[in-house]
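Contents: one structure, followed by commentary.
The values are calculated or read from the model by the stated rules, or taken from the named source; none is laboratory data. The structure presented is a predicted model; accordingly, all values stated were derived computationally and were not measured. FYI the Cβ positions are ideal-geometry reconstructions off the backbone, even for glycines, and counts take in every protein chain you see.
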Amino acid sequence: MTHFGDQLAYRIKELQNPSVVGLDPRLKDIPSYIKDEAINKFGKTPEGAAAAILMFNKGLIDAIADIVPAVKPQIAFYEQYGHVGLKAYEDTVAYAHQKGMLVIGDAKRSDIASTAEAYANAHLGTVDVFGESIPMINADALTINPYLGSDGITPFTKVCKEQGKGVFVLVRTSNESADEIQGMAVGDELVDEVVAGLVEGWGRELVGESGYSSVGAVVGATYPEEARELRQRMPNQIFLVPGYGAQGGGAESAKPCFHANGTGAIVNSSRGIIFAYIADKMTERAYAEAARAAALRMKDDLNRLF
């Protein structure tokens, strides 16, 4: 299957689980025994931090790969450690693929056309290296920013069409200040509603057999009323839904992001899953077990909606 929208829709249906786990590793919360092992090998260095992050992620992926369709590593938590952190990001993508998971890179990229093309090639496509086309990060999908208009989008949709990848365009984000721009009125519409119309258009030629496009939309669970309107405007988009759990959103607030038949959305939880051992007061060595249990609770919580 070489169409991202179909791949994701199929995997959600197969696992009966419309959730994605955000791999947002905070070094201070990674179990001490993992950090100690990394420090013993690399010292208190960026290399040590990157090694600890990768070990932590592998444990999480091992624990959830058979129950969760996808992971979503947020690149900022990796690139803050420089090139070794980016290598941990790349290795995390590769390891998740080895375990059969889809990977949504959370990097919110975009720029003028030539730069957007480089971003698209780096994260999703292939890069020309002395005449050889080589895949680099090779995520299955990427979050992107619509602010530069179609110039910054077309290079990504081109890769989606040619290589079966996907994108999630920021439409209504889950952060508190989203209203400052996304909620502004533009004539009779809000900014996010205008963007929704653009997203629907950008994704129209990339609708697969599932009825969903490989061009999806980021729509937060923290604005359920607006999500309901956006769902009507983007019937063929899969919604990537942040805001569940630690950001205050719950299953009920995520419900408007789905169609009435329970399809069309994948809900993200990051801290609530990967650091569940802290909230559940479990031992550090049980962090992966705690993550699995939290992921199953989230699955049940979402499945009760429909």
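Before moving on, here are some points about what is shown:
- Restricting region 224-246 to residues that are closer than 17 Å to residue 262 by Cβ and of a type in the set (D, E, K, R), the residue that is surrounded by the most Cβ atoms within 10 Å (Cβ to Cβ) is 231.
- Taking the criterion of being surrounded by fewer than 16 Cβ atoms within 10 Å (Cβ to Cβ) and at pLDDT below 95, the residues of region 158-176 that qualify are 175, 176.
- Scope region 228-266; condition among the aliphatic types (A, V, I, L, M), touching a helix residue (DSSP H, G or I) at 6+ places or on another chain (Cβ under 7 Å) and part of a strand (DSSP E or B); matching residues: 241, 265, 266
- Helices (runs of 4 or more DSSP H) fully within region 267-306 that include at least 1 residues being in contact (Cβ under 8 Å) with a residue 24 or more places away in the chain and over 30 Å from residue 37 (Cα atoms): 287-303.
- Residue in region 95-105 that is crowded, with 21+ Cβ neighbours inside 10 Å, touching a His at 6+ places or on another chain (Cβ under 9 Å) and among the β-branched types (Val, Ile, Thr) present: yes
- Test: residue in region 39-49 that is assigned to a helix (DSSP H, G or I) and within 28 Å of residue 242 (Cα to Cα): yes
Every residue, every condition in (1) buried (at least 24 other Cβ atoms within 10 Å of the Cβ); (2) of a type in the set (S, T, N, Q), yes or no:
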{"position": "11", "(1), (2)": "no, no"}
{"position": "17", "(1), (2)": "no, yes"}
{"position": "21", "(1), (2)": "yes, no"}
{"position": "28", "(1), (2)": "no, no"}
{"position": "32", "(1), (2)": "no, yes"}
{"position": "35", "(1), (2)": "no, no"}
{"position": "40", "(1), (2)": "no, yes"}
{"position": "50", "(1), (2)": "yes, no"}
{"position": "54", "(1), (2)": "no, no"}
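- Members of region 60-83 that are buried (at least 20 other Cβ atoms within 10 Å of the Cβ) and in a helix (DSSP H, G or I): 60, 61, 63, 64, 77, 78
- Output for region 258-293, where each listed residue is within 20 Å of residue 228 (Cα to Cα), hydrophobic (A, V, I, L, M, F, W, C) and surrounded by 23 or more Cβ atoms within 10 Å (Cβ to Cβ): 265, 266, 267
- Residue list for region 197-256, restricted to those being farther than 24 Å from residue 274 by Cβ and aliphatic (A, V, I, L, M): 198, 199, 206, 207, 215, 217, 227, 230, 234
- The residue of region 116-130 that is surrounded by the fewest Cβ atoms within 10 Å (Cβ to Cβ), among those that are hydrophobic (A, V, I, L, M, F, W, C) and in contact with a helix residue (DSSP H, G or I) (Cβ under 6 Å, 6 or more places away or on another chain), is 127.
- Residue selected from region 232-288 under the condition farther than 20 Å from residue 177 by Cβ and of a type in the set (Phe, Trp, Tyr), by the criterion nearest to the chain's Cα centre (by Cα): 239
- Residue within region 211-223 that is surrounded by fewer than 18 Cβ atoms within 10 Å (Cβ to Cβ) and not aliphatic (A, V, I, L, M) present: yes
- For region 119-137, the tally of residues that are outside any strand (DSSP E or B) and either among the β-branched types (Val, Ile, Thr) or closer than 15 Å to residue 167 by Cβ (or both) stands at 8.
- Look at (1) surrounded by 20 or more Cβ atoms within 10 Å (Cβ to Cβ); (2) touching a Pro at 6+ places or on another chain (Cβ under 7 Å); (3) of a type in the set (A, V, I, L, M) and you find that residue 113 fails only one, number (1).
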